[in-house]
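Okay, so here's the structure we're looking at.
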Amino acid sequence: MPIELRYPDGTIVTHPDGITGIEVARDIGPRLAEAAVAVRLDGHLLDLGRTLDRDGDFAVVTLDDPEGLDILRHSSAHVLAQAVLTEYPGATFAIGPAIEDGFYYDFAVEVPFTPEDLERIEARMRAIVTEDQPFERVTMSRAEALGVFAGHRFKTEIIEAVDPGEVAPGEEVSVYRNNDFIDLCRGPHLPSTGRIPAFRLTRTSGAYWRGDEGRDQLQRIYGTAWASEGDLAGYLHRIEEAERRDHRRLGPELDLFSFPGELGPGLAVWHAKGGQLRKLIEDHSRRLHERFGFEFVFTPHLMKADLWRISGHLDYYAEYMYPGMELDNDQEYRVKPMNCPGHILVYQSRGRSYRDLPMRLSELGTVYRNEKSGVVHGLLRARGFTQDDSHTFCTEDQLGAEIRHQIEFTLKWHRDFGFDERLVEAELSTQPEKSVGDQARWEISEKLLARALDELEVPYRIAPGEGAFYGPKIDIHVRDAIGRRWQMGTVQLDFNNPERFGLEYTTSANTAETPYMIHCAKAGSLERFMGVLVEHYAGAFPMWLAPVQVTVIGVADRHHDYAVTVAGRLGTAGLRVEIDESGETVGDKVRRAITQKHPVLLVVGDDDVANGTVGLRLYGEERDTRGVALDDVVASLTEMARIPE
């Protein structure tokens with residue numbers, strides 16, 4: 001029976017029964033067929049050789065599409081596994097997905113892989129690519145699959161577990177074969193290994209099977225694959241740049257923070273300069289919260305476990321909470337993983353009327369999450385951190401304006417730190433299958449979230465079903481200086497806690513209603529935000545954020561008094577100034593100031609003492625501008641250091 005396919009341009013074309021994806025692509029055009037790596041039918045990705053068995057929306061997928069790159073990287077992961085099992089016959093393989101910008105595969109081996117092993121494996125992969133082995137999809141019963149993978153315990157566990165994310169539900173299992181190698185997979189894949197244009201193995205690490213520290217410890221090999229050698233070279237350059245900007249290296253080098261082993265993983269100490277940076281960011285947070293109409297509250301770090309039972313955290317979030325401690329005649333307490341229950345208690349402290357709403361509460365609240373040691377990553381994923389947390393309680397009539405208010409605040413926050421609208425995008429996550437709360441509230445909230453993004457012209461994509469079980473949300477993402485995407489702020493509706501805590505307000509008709517509750521974090525974790533800032537600016541912060549804004553250097557000891565005078569003038573104007581009084585040479589002092597990435601360097605000598613001038617060099621400039629009047633320098637630097645308004 002013929003099928004009708006709707007192409008992306010809206011054209012509907014009839015094709016004969018039994019036609020394949022690649023045949024349709026050839027009908028559309030030879031160039032498209034040559035570039036094709038898969039097809040999409042009604043949202044489902046299929047191999048080019050699969051028969052199309054139904055009507056639907058049809059599109060050809062190429063390496064220009066994100067799905068095409070995912071397929072390329074997944075196929076590269078299969079080639080990696082094939083190479084490892086060929087070169088190391090005693091190895092067994094676990095899972096190997098495509099990930100952002102690359103892929104990985106986990107293996108059980110007797111001895112960890114070395115850099116020399118990676119070279120050997122990559123050489124074998126290149127041979128497999130050169131051989132242009134076709135990827136062949138084969139289906140079989142679960143019993144047959146268990147026989148095929150009898151020697152690979154991780155594969156048999158996947159088959160027996162019936163995980164729909166790894167194998168299709170039902171009794172039929174799909175595998176992919178190229179030459180003598182076979183792997184369990186849902187697909188799709190490239191037509192053949194020769195269609196992999198550019199790849200590189202990058203590193204190894206340890207991993208636990210299923211992410212469980214109690215299970216097998218595996219060796220993970222990471223790689224990257226791209227549509228061209230040029231794209232691969234660009235990515236490798238970005239990786240080098242990311243290593244240069246790594247906050248875990250720059251933090252100690254710039255004397256901002258460090259991660260002493262005595263503290264344990266996921267915990268940092270802030271040095272004096274880092275403390276100054278943190279204060280500047282916290283002060284700006286408080287300024288903006290006041291400007292946007294928030295009131296400050298403070299809640300304790302330790303609360304009774306009963307509170308977390310009411311909130312549902314002990315039901316849904318216990319694995320990320322630290323164990324309880326017994327106090328006050330066996331009363332259990334927990335350190336807080338979130339600030340919201342404390343803010344709810346503030347709301348509940350007395351009866352509320354519609355005249356009290358919207359109520360906007362804010363706190364720079366420190367929370368603690370029981371993250372596994374294998375996933376903590378400097379400031380970007382820590383066990384203890386401070387959130388710029390706010391909770392707004394409002395009526396349904398106020399909800400649209402309050403959502404827009406929160407998004408405007410979040411955009412202003414990121415703009416002030418150098419992430420303007422060109423670098424900001426959003427993701428709207430909607431109702432999942434399992435959820436709580438009134439259905440009408442879900443529909444109203446999702447509509448108002450989308451409307452606010454549209455009105456504010458924030459680019460966004462919809463993530464269907466990705467909302468929290470208790471409400472839809474908007475996640476704000478920013479792009480840093482080298483194009484990496486970071487999830488930062490969140491605007492989250494909560495239908496769960498108002499019901500669990502029985503929150504109410506009295507309406508103008510003297511009836512009781514449940515308020516809407518909006519969680520909002522502009523930066524999210526301040527630690528994470530500061531880690532991103534360090535990497536975005538590579539430690540060379542804009543003038544207003546720099547812990548030390550100006551370094552003053554005297555050419556000789558006789559210029560010290562004038563250097564003090566210069567520093568005094570700048571300090572009186574509100575600038576943060578450091579005088580280098582070490583006994584090193586002027587050249588060494590200059591190099592140190594540049595290495596510390598201070599925005600402004602002033603060098604003073606005999607002529608400056610006589611004429612009331614300085615030598616001025618801004619960070620990034622090759623040489624000083626000599627003989628600049630001190631009055632002019634004070635005025636211009638004060639303007640440069642102006643805090644965003």
Inset, instruction - Have a look at Tyr317, Leu307, His271 and report the one farthest towards the positive end of the charge dipole of the stretch 270-320, computed about the Cα centre with Cβ charges (Lys/Arg +1, Asp/Glu -1). - result: His271
Inset, instruction - Assign unit charges at the C-beta atoms only (+1 for Lys and Arg, -1 for Asp and Glu), then state the dipole size of the stretch 69-240 relative to its Cα centre in Debye, rounded to the nearest 20. - result: 140 debye
Inset, instruction - Report, in whole Å, the centroid distance computed from the Cα atoms of the stretch 475-546 and the stretch 44-117. - result: 36 Å
Inset, instruction - Quickly estimate the mean residue ellipticity at 222 nm for the chain, helices only: each DSSP H run with n ≥ 4 gives -39500 (n - 2.57), and the total goes over all residues, rounded to 500. - result: -11000 deg cm²/dmol
Legend entry - Value of relative contact order over the stretch 322-382, rounded to a whole percent, pairs C-alpha under 8 Å and six or more apart: 33 percent
Legend entry - the chain: relative contact order in percent, alpha carbon pairs under 8 Å with at least 6 residues between: 8 percent
Inset, instruction - Assuming a ≥ b ≥ c are the square roots of the Cα gyration tensor eigenvalues, decide whether the stretch 3-62 counts as rounded (a/c under 1.5), prolate (otherwise, with a/b larger than b/c) or oblate. - result: rounded
Inset, instruction - Multiply the residue separation of Glu116 and Asp356 by 0.36 nm, subtract the distance between their alpha-carbon atoms, and state the gained length in nm to one decimal. - result: 79.7 nm
Legend entry - Cα-centred dipole magnitude for the stretch 10-89, charges only on beta-carbon of K, R (+1) and D, E (-1), debye, nearest 20: 140 debye
Legend entry - Test item: Cα-centred dipole of the chain, Lys/Arg +1 and Asp/Glu -1 on Cβ, debye: 1020 debye
Inset, instruction - Looking at the stretch 550-640, send over the antiparallel percent of its DSSP beta bridges, to the nearest 5. - result: 45 percent
Legend entry - Rounded to 10°, Cα long-axis angle of helix 272-291 versus longest principal axis of the chain: 80 degrees
Inset, instruction - For Lys304, go through the lysines and keep the ones whose alpha-carbon is under 19 Å away, minus same-chain ones fewer than eight residues off. - result: Lys336
Inset, instruction - With unit charges on the beta carbon (Lys/Arg positive, Asp/Glu negative), name the residue among Thr51, Gly483, Ile12 whose Cα is farthest towards the positive pole of the charge dipole of the chain. - result: Gly483
Inset, instruction - Determine how large the accessible area of Ser192 is when every protein chain is in place; take a 1.4 Å probe and give Å² rounded to the nearest 10. - result: 10 Å²
Legend entry - Under Karplus coefficients 6.51, -1.76 and 1.60, residue-wise ³J(HN,Hα) of the stretch 94-108 in Hz, glycine/proline x: 10, 10, x, x, 7, 10, 4, 6, x, 7, 8, 9, 9, 9, 9
Legend entry - Which labelled figure in (1) 29.6, 97; (2) 24.7, 78; (3) 33.2, 101 is Rg and Dmax of the Cα atoms in Å, once derived from the coordinates: (1)
Inset, instruction - Can you send over the carbon and sulfur percentage of the accessible area for the stretch 69-240, probe radius 1.4 Å, protein chains only? - result: 48 percent
Legend entry - Distance in nm between pseudo-label sites at Lys279 and Leu327 (7 Å out along the Cβ direction from Cα): 2.9 nm
Legend entry - Antiparallel bridge percentage (DSSP; both residues within the chain; nearest 5): 85 percent
Inset, instruction - State whether the stretch 550-640 is rounded, prolate or oblate according to the following rule on the C-alpha gyration tensor (a ≥ b ≥ c being the square roots of its eigenvalues): a/c under 1.5 gives rounded; otherwise a/b larger than b/c gives prolate, and the remaining case gives oblate. - result: rounded
Legend entry - Among beta bridges that DSSP assigns inside the stretch 3-62, antiparallel share in %, nearest 5: 85 percent
Legend entry - Gained length - Arg287 relative to Glu253, 0.36 nm times residue gap less alpha-carbon distance: 9.2 nm
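The values are calculated or read from the model by the stated rules, or taken from the named source; none is laboratory data. Values in this document were obtained by computation on a predicted structure and should not be read as measured data. Cβ coordinates were reconstructed from backbone atoms using ideal geometry, including for glycine residues, and neighbour counts include every protein chain displayed. Note: accessible area is taken over every heavy atom of the protein model, side chains too, but ligands, DNA and RNA are not part of it. Shrake-Rupley method; radii C 1.70, N 1.55, O 1.52, S 1.80 Å.
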